[in-house]
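Novice: Following this message is one structure expressed as structure tokens.
Taken together, the values in this text are just the output of simple stated rules run on the coordinates, not laboratory data. Remember, predicted model here, so these are calculated numbers, not experimental data. So basically every Cβ, Gly included, is an ideal-geometry build from the backbone, and we count neighbours across all protein chains shown.
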Amino acid sequence: MSRILTFGQPLGHIMQTAYVVDDLEAAARKWTNTLGIGPWLLLEHFEAKNMTYFGQPTNVDLSVALAYSGSMCYELVFVHNDVPNVYADVVKDKGFGCFHHWAISTENFDADLARYKSQGYEVAFYGEVVPVGGKRFAYIDTRKDNGGMIELIELSPAVEGLFSMAKDISENWDGKDIIRRP
């Protein structure tokens with residue numbers, strides 16, 4: 001059995017499901033009102049370096065909001081600028097509010113990425129997250145087979161701590177202060 005991470009999901013399994021929205025705070029409030037999910041940890045202008053979109057450099061500017069229901073993380077994504085990006089690709093086909101990707105935790109980033117590539121999947125989006133020591137993420141374009149992308153998230157104590165912080169604020173939440181900033 002896989003090790004259970006501090007935010008409750010097993011290592012190497014789905015830890016998050018994500019959706020693209022056109023207004024981050026309005027969407028977070030709607031999800032809270034309709035689904036009871038919250039509070040939302042808002043990470044504005046998510047800082048990453050060496051980002052690529054299908055192998056080409058990109059400067060996509062995005063903000064995300066994270067919230068938990070039990071041990072499942074939900075992510076809302078908002079893109080601030082109009083550059084080619086994986087989120088706009090899905091919105092073009094499905095519209096805002098649509099499902100975008102599942103995230104899978106990994107401690108074997110290179111091997112897992114190579115496994116997806118060997119299956120014929122492309123890396124749609126790649127980057128290194130600055131606030132957590134440059135840990136990597138990669139979006140694998142699996143839309144043709146399962147209707148969404150898969151994001152590999154390279155784990156470290158800092159990455160696990162970020163997701164644990166978002167989960168911790170959801171436990172015993174009183175329903176107030178829907179939007180939180182770290």
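Novice: With springs only between Cα atoms under 10 Å, which of L113, L35, L162 fluctuates most in a Gaussian network model of the chain?
Specialist: It is L35.
Novice: Tell me, Kirkwood radius of segment 102-143 from alpha-carbon pair distances, in Å?
Specialist: Radius from the Kirkwood sum: 10.9 Å.
Novice: In the chain, what is the count of Lys pairs whose alpha carbons are under 27 Å apart, counting only pairs at least 8 residues apart or on separate chains?
Specialist: The number of close lysine pairs in the chain is 16.
Novice: Note down the net charge around A67, summing +1 for each Lys or Arg and -1 for each Asp or Glu among other residues with Cβ under 10 Å from its Cβ.
Specialist: Residues near A67 contribute +1 overall.
Novice: Taking the number of other C-beta atoms within 10 Å as the exposure measure, put C73, C98 in order starting with the fewest.
Specialist: In order of increasing Cβ crowding within 10 Å: C98, C73.
Novice: Could you point to the residue in V130, P57, S71 farthest towards the positive end of the chain's charge dipole, with +1 and -1 charges on the Cβ of Lys/Arg and Asp/Glu respectively?
Specialist: S71
Novice: Are there GluC sites (Glu not before Pro) in segment 150-182 that DSSP puts in a loop and that have at most 12 other Cβ atoms within 10 Å, and which ones?
Specialist: E171
Novice: In the neighborhood of M51, defined by Cβ-to-Cβ distances under 12 Å, what is the net charge if each Lys or Arg adds +1 and each Asp or Glu adds -1?
Specialist: -1
Novice: Please get the size of the charge dipole for segment 16-171, origin at its Cα centre, with Cβ charges of +1 on Lys and Arg and -1 on Asp and Glu, quoted in debye to the nearest 20.
Specialist: 280 debye
Novice: If you don't mind, another one. Please identify the GluC sites (Glu not before Pro) of segment 1-92 that satisfy two criteria: DSSP loop assignment and at most 13 other Cβ atoms within 10 Å. Which are they?
Specialist: Here the GluC sites (Glu not before Pro) that fit, given the DSSP loop and packing criteria, are E47.
Novice: Restricting to the chain, what percent of DSSP beta bridges are antiparallel, rounded to 5? Don't skip to the answer; put the middle values down first.
Specialist: On the way: 33 of 46 bridges.
Roughly 70 percent of the DSSP beta bridges within the chain come out antiparallel.
Novice: With +1 on each Lys and Arg Cβ and -1 on each Asp and Glu Cβ, and nothing else charged, work out how big the dipole of segment 1-105 is about its Cα centre, in Debye to the nearest 20.
Specialist: I would put it at about 380 debye.
Novice: Within a Cβ distance under 14 Å of R143, other residues only, what is the Lys/Arg minus Asp/Glu net charge?
Specialist: In short, -3.
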